[in-house]
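The values are calculated or read from the model by the stated rules, or taken from the named source; none is laboratory data. Not measured: the values here are computed from a predicted model. Counting neighbours? That spans all protein chains shown, and the Cβs are built from the backbone with ideal geometry, glycine included.
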């Protein structure tokens, strides 16, 4: 009986000792390997640094001339406008309506996307440690999807008036109105008036998030792009 009592009393202490030994062993392994444990602050700061780099590069690329127009993120004429474009090719003065329209839409997006960075930065700043660790150890597009969830509405609200202003700056909406007017004068066609504003806004954001995702995957997969000690240390954990 006494022996059983001694064993029972020893079990909690043994469990604590085992846990302590485990921690000491891990610390010893880290020292031998040259690694030091990541702090919460480092994980948060590292992921925020990576996101800021990715967002900055994406915004810089797309806001440059031909950032949209000359890349795989090019915004095409909306599907509902294809009838207009197709019919107008045979109307004097509108033979190149599709090319003209696409250039103007993409130029508008390039002007607008420069306004996106502060909205992204605000979302990145609000990342908690739990968010950061979850994103770091998540899928290779986890951070992009987080930004998509938390910024799409704000970006849409901010982009729409900028897109409208940018479309006007490149004379796109006036050009489109004249094209639609010419189309609606064609006998027997179904009258239409598709709007460009929402379409350009949506497609501009699709392209922006698409490029941010590429940048995120790059830094996760390519150790050479981790050009600071903090990035190297933090992303080594997900390797």
Filter result (part of a loop (DSSP other than H, G, I, E, B) and either closer than 17 Å to residue 234 by Cα or over 12 Å from the mean Cα position of the chain (by Cα) (or both)) within region 110-138: 114, 115, 126, 127, 128, 137, 138
Matching residues in region 122-133 - criterion: being surrounded by 15 or more Cβ atoms within 10 Å (Cβ to Cβ) and closer than 28 Å to residue 200 by Cβ: 123, 124
Residues of region 52-62 classified as buried (at least 19 other Cβ atoms within 10 Å of the Cβ) and either free of Cβ contacts under 8 Å to residues at least 12 places away in the same chain or touching a strand residue (DSSP E or B) at 6+ places or on another chain (Cβ under 9 Å) (or both), total: 0
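Hey, among 142, 182, which residue is touching a helix residue (DSSP H, G or I) at 6+ places or on another chain (Cβ under 7 Å) and within 30 Å of residue 239 (Cβ to Cβ)?
Working: 182 fails: within 30 Å of residue 239 (Cβ to Cβ).
Selected residue: 142, the only one of 142, 182 that is touching a helix residue (DSSP H, G or I) at 6+ places or on another chain (Cβ under 7 Å) and within 30 Å of residue 239 (Cβ to Cβ).
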Selection from region 134-143 of residues that are in contact (Cβ under 8 Å) with a residue 60 or more places away in the chain, within 16 Å of residue 40 (Cβ to Cβ) and surrounded by fewer than 19 Cβ atoms within 10 Å (Cβ to Cβ): 137
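Taking only region 165-190 into account, find how many residues are assigned to a loop (DSSP other than H, G, I, E, B), loosely packed, with under 12 Cβ neighbours inside 10 Å and either modelled with pLDDT of 80 or more or on the phi < 0 side of the Ramachandran plot (or both). Give the steps one after another, and end with the answer.
Our first condition is that a residue be assigned to a loop (DSSP other than H, G, I, E, B); within region 165-190, this holds for 170-171, 185-190.
Checking which are loosely packed, with under 12 Cβ neighbours inside 10 Å leaves us with 185, 187-188, 190.
Filter once more, so that each one left must be either modelled with pLDDT of 80 or more or on the phi < 0 side of the Ramachandran plot (or both): 185, 187, 190.
Counting residues in region 165-190 that are assigned to a loop (DSSP other than H, G, I, E, B), loosely packed, with under 12 Cβ neighbours inside 10 Å and either modelled with pLDDT of 80 or more or on the phi < 0 side of the Ramachandran plot (or both) gives 3.
Can you tell which of 65, 49 is part of a helix (DSSP H, G or I) and modelled with pLDDT of 90 or more? Step through it out loud before you land on a result.
Details: 65 fails: part of a helix (DSSP H, G or I).
It is 49.
From the list 103, 65, 80, pick out the single residue that is within 30 Å of residue 188 (Cα to Cα) and exposed (fewer than 13 other Cβ atoms within 10 Å of the Cβ).
Working: 103 fails: exposed (fewer than 13 other Cβ atoms within 10 Å of the Cβ); 65 fails: within 30 Å of residue 188 (Cα to Cα).
Unique residue meeting the criteria: 80.
Please tell me if residue 41 is exposed (fewer than 12 other Cβ atoms within 10 Å of the Cβ), outside any helix (DSSP H, G or I), at pLDDT 55 or above and on the phi < 0 side of the Ramachandran plot.
Details: exposed (fewer than 12 other Cβ atoms within 10 Å of the Cβ): yes; outside any helix (DSSP H, G or I): no; at pLDDT 55 or above: yes; on the phi < 0 side of the Ramachandran plot: yes.
It is false that residue 41 is exposed (fewer than 12 other Cβ atoms within 10 Å of the Cβ), outside any helix (DSSP H, G or I), at pLDDT 55 or above and on the phi < 0 side of the Ramachandran plot.
Results for (1) closer than 18 Å to residue 43 by Cα; (2) touching a strand residue (DSSP E or B) at 6+ places or on another chain (Cβ under 7 Å); (3) buried (at least 16 other Cβ atoms within 10 Å of the Cβ); (4) without any contact (Cβ under 8 Å) to a residue 24 or more places away in the chain, shown as yes or no for each residue.
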position: 196; (1), (2), (3), (4): no, no, yes, no
position: 201; (1), (2), (3), (4): no, no, yes, no
position: 205; (1), (2), (3), (4): no, no, yes, no
position: 222; (1), (2), (3), (4): no, no, no, yes
position: 227; (1), (2), (3), (4): yes, no, no, yes
position: 235; (1), (2), (3), (4): yes, no, yes, no
position: 238; (1), (2), (3), (4): yes, no, no, no
